[in-house]
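Novice: I have a structure I would like to understand better, so I am pasting it below and will then ask my questions one at a time.
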Amino acid sequence: MEIVILPTAADVARTAADAIEQQVRSGPSVLGLATGSTPLGTYQELIERHRSGGLSFATSQAFLLDEYLGLASTHPQSYHSVIRGEFTDSVDFGADAVHGLDGTAKDPASEALRYEASIEAAGGVDVQILGIGTDGHIGFNEPMSSLASRTRIKTLTRQTRQDNARFFENPADVPDHVLTQGLGTIGEARHILLLAMGESKAEAIAAAVEGPVAAMCPASALQLHPHVTVLVDEAAASKL
Ligand code: GLP
């Protein structure tokens, strides 16, 4: 793991955008996109570089990490809608180049298999962006997730539902269940960028980077990956 401690959240966003730009400019690329507030600055940077620097995503594809079960892709809080609003609709991905899990699939287990197959058919993920939950989750792999897990249904912890309630009108509207790429799936990305900003992520980052590789901290599985870059601001690095 390469740990890069940067002065501010804006530096984290710029450095992550640099890595993605380099990948995208190298040729047709497969990007793994995360939702949540952490990557927003990175997406803003990339939109800016698209508008003013000619950075094009026209030959790239993107795969989302996870989705709420029960929310249609048109629901404003579905991760499909969120990523379109925050990033992909503002750049030039081709039609059908942004892939996500169907939260309304009648058979979520088959949907999970379909998604795994579509990532493989695209040639796998070149660069995966990740945030981290305050409990150490990545994607929606909550503590005690199997380190080898594949895309599947998970139940959210109370902590994660509380953390994400800010995006919903009513805290009770946060779905209980999700579909998420597994830790094994995420670990197949060729390069992983783990981003964290702020004091609230400091404990999770310390456990992920310096703690034991353990299911209690799903992000610690990244220690086994050959190419992970951890980009943190000073507040998120404060417990290292
Ligand atoms: C969410 C998402 C994760 C995200 C994490 C942190 O629940 N499923 O992909 O990285 O929790 O969210 P935030 O970036 O808003 O702190």
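Novice: Restricting to the range 195-240, name every residue that is of a type in the set (D, E, K, R) and either closer than 17 Å to T15 by Cα or modelled with pLDDT under 95 (or both).
Specialist: Correct list: D233, E234.
Novice: So which residues in the range 132-170 are out of contact with any strand residue (DSSP E or B) (no Cβ under 8 Å at 6 or more places or on another chain) and either of a type in the set (A, V, I, L, M, F, W, C) or in a strand (DSSP E or B) (or both)?
Specialist: M144, L147, A148, A165, F167, F168
Novice: Further question: Within the range 27-58, how many residues are hydroxyl-bearing (S, T, Y) and more than 16 Å from Q128 (Cβ to Cβ)?
Specialist: So the count comes out to 3.
Novice: Which one is surrounded by the fewest Cβ atoms within 10 Å (Cβ to Cβ) among residues in the range 14-37 that are in contact with a Gly (Cβ under 7 Å, 6 or more places away or on another chain) and closer than 17 Å to H191 by Cβ?
Specialist: Among residues in the range 14-37 that are in contact with a Gly (Cβ under 7 Å, 6 or more places away or on another chain) and closer than 17 Å to H191 by Cβ, the one surrounded by the fewest Cβ atoms within 10 Å (Cβ to Cβ) is V30.
Novice: Checking I192 against (1) under 20 Å from T15 (Cβ atoms); (2) away from the ligand (no atom under 13 Å from the Cβ); (3) within 14 Å of the chain's Cα centre (by Cα): exactly one of these is not met. Which one?
Specialist: Only one criterion in (1) under 20 Å from T15 (Cβ atoms); (2) away from the ligand (no atom under 13 Å from the Cβ); (3) within 14 Å of the chain's Cα centre (by Cα) is unmet by I192, namely (2).
Novice: So, one more: Could you tell me whether the range 99-115 includes any residue that is closer than 30 Å to G198 by Cβ and surrounded by fewer than 16 Cβ atoms within 10 Å (Cβ to Cβ)? Write out each step before concluding.
Specialist: Filtering the range 99-115 for residues closer than 30 Å to G198 by Cβ gives 99-101, 103.
Cutting the leftovers down to surrounded by fewer than 16 Cβ atoms within 10 Å (Cβ to Cβ) gives us none.
There is no residue in the range 99-115 that is closer than 30 Å to G198 by Cβ and surrounded by fewer than 16 Cβ atoms within 10 Å (Cβ to Cβ).
Novice: On to the next question. Which of the residues belonging to the range 120-173 are polar (S, T, N, Q) and either within 14 Å of the ligand (Cβ to nearest atom) or without any contact (Cβ under 8 Å) to a residue 24 or more places away in the chain (or both)?
Specialist: Q128, T134, N141, S145, T151, T155, T157, Q159, T160, Q162, N164, N170
Novice: Next up: With A189, A208, A236 as the choices, which residue is touching a residue at least 40 places away in the same chain (Cβ under 8 Å), crowded, with 17+ Cβ neighbours inside 10 Å and part of a helix (DSSP H, G or I)?
Specialist: Exactly one residue qualifies, and that residue is A208.
Novice: Any residue in the range 1-14 that is over 10 Å from V232 (Cα atoms) sitting within a Cβ distance under 6 Å of a residue that is of a type in the set (V, I, T)? List the pairs, counting only those 6 or more apart or interchain.
Specialist: M1/V228; M1/V230; E2/T229
Novice: To continue, here is another question. For the range 38-48, how many residues meet the condition of being farther than 18 Å from Y79 by Cα, free of Cβ contacts under 8 Å to residues at least 40 places away in the same chain and surrounded by fewer than 20 Cβ atoms within 10 Å (Cβ to Cβ)?
Specialist: Of the range 38-48, the ones farther than 18 Å from Y79 by Cα are 45-48.
Narrowing further to those that are free of Cβ contacts under 8 Å to residues at least 40 places away in the same chain: 45, 48.
The next check asks that each one be surrounded by fewer than 20 Cβ atoms within 10 Å (Cβ to Cβ); those that pass are 48.
So the count comes out to 1.
Novice: Can I ask one more? Across the range 139-159, which residue is surrounded by the most Cβ atoms within 10 Å (Cβ to Cβ) among those that are hydroxyl-bearing (S, T, Y) and over 15 Å from the mean Cα position of the chain (by Cα)?
Specialist: This residue is S145.
The values are calculated or read from the model by the stated rules, or taken from the named source; none is laboratory data. All of these numbers come straight from a predicted model, not from anything done at the bench. In this analysis, Cβ positions are derived from the backbone assuming ideal geometry, glycine residues included, and neighbour counts consider all displayed protein chains.
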